[in-house]
Amino acid sequence: MDAAGAIIVLIFVITIISSSTGGRISIPGLGGGQATVPIYTNLNVDAIPDPTFISVAGENQQANIEKFILKYNKNTSYWNANLMSASMVKYGSIYNVNPKLVCALIARESAFNSKSISSSGAVGLGQLMPATASALEVEDRYDPEQNIMGTTRYMKFLLDKWKSHPQQVTLALASYLEGHSAISRNGGYSTKSKSYAEDIIRIYWKI
């Protein structure tokens, strides 16, 4: 076989391998080898939110969040919307997490229903699992303020986990859904997590 023929065969083999893995690639800082799930460098959103509280400290966050909650879930009372919005700003300030990002996450997880229970046993506004809640010192997952504290604290942990990565916010949101250990182990996040992160970011820009 001449050199030109060898190159054609090589290109054919690479094409077959790429198609069989769905074009999966390794990503810096994740796993270190061939990714076992797809990697997405571009989300279907206009812009990625800033994750910190400091970046949005100049606006009336509580009023904006409260108004959004009442519009998003019309069954929520003004008292509950006020409690939730105040808690998001309070714990966002404590943990330096953008409270509107937490609000968007909770909207996606439970639609602001503090009694929400998933089929997997996740409970409350941020849909906390028992072990996660325990690690976050949340005694009552149904309690809105405790749940928001735990959700914000967990987001802080995940954001810190990926703080040196260009996809910090996306990876933190994907980790909330499928676990940061799974993303590290697999070298990326799944199609489901991509859609999940996009949903939350789209909600964020409506607050």
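Odds and ends about this structure:
- Across the range 170-186, coupling constants 3J(HN,Hα) worked out from phi with the 6.51/-1.76/1.60 Karplus curve, θ = phi - 60°, read 4, 5, 5, 5, 4, 5, 4, 7, 10, x, 5, 5, 5, 5, 5, 5, 8 Hz, and Gly and Pro carry x.
- Neighbour counts of other Cβ atoms within 10 Å put Trp162, Trp79, Trp205 in the fewest-to-most order Trp79, Trp205, Trp162.
- Aspartates and glutamates with Cα under 17 Å of Lys206, excluding same-chain neighbours fewer than 8 positions away: Asp46, Asp50, Glu59, Glu66, Glu109, Glu198
- Inter-label distance for Asn73 and Lys90, nm, one decimal - labels placed 7 Å from Cα along Cα-to-Cβ: 1.7
- Pairs exceeding 28 Å between alpha-carbon atoms, taken from Lys161/Lys194; Lys67/Lys163; Lys67/Lys161; Lys90/Lys192; Lys163/Lys192: Lys67/Lys163; Lys67/Lys161; Lys90/Lys192.
- Here the range 139-207 is assigned +1 on the Cβ of each Lys and Arg and -1 on the Cβ of each Asp and Glu. Its dipole about the Cα centre then comes out at about 360 debye.
- Relative compactness, the range 40-204, computed as alpha-carbon Rg over 2.2 N^0.38 Å: 0.96
- Summing Cβ point charges (Lys, Arg +1; Asp, Glu -1) relative to the Cα centre of the range 40-204 gives a dipole of roughly 240 debye.
No lab work stands behind these numbers, since they all come straight from the coordinates. All values reported here derive from a predicted model rather than from experimental measurement. Cβ atoms come from the backbone with ideal geometry, glycine included; neighbour counts cover every protein chain shown.
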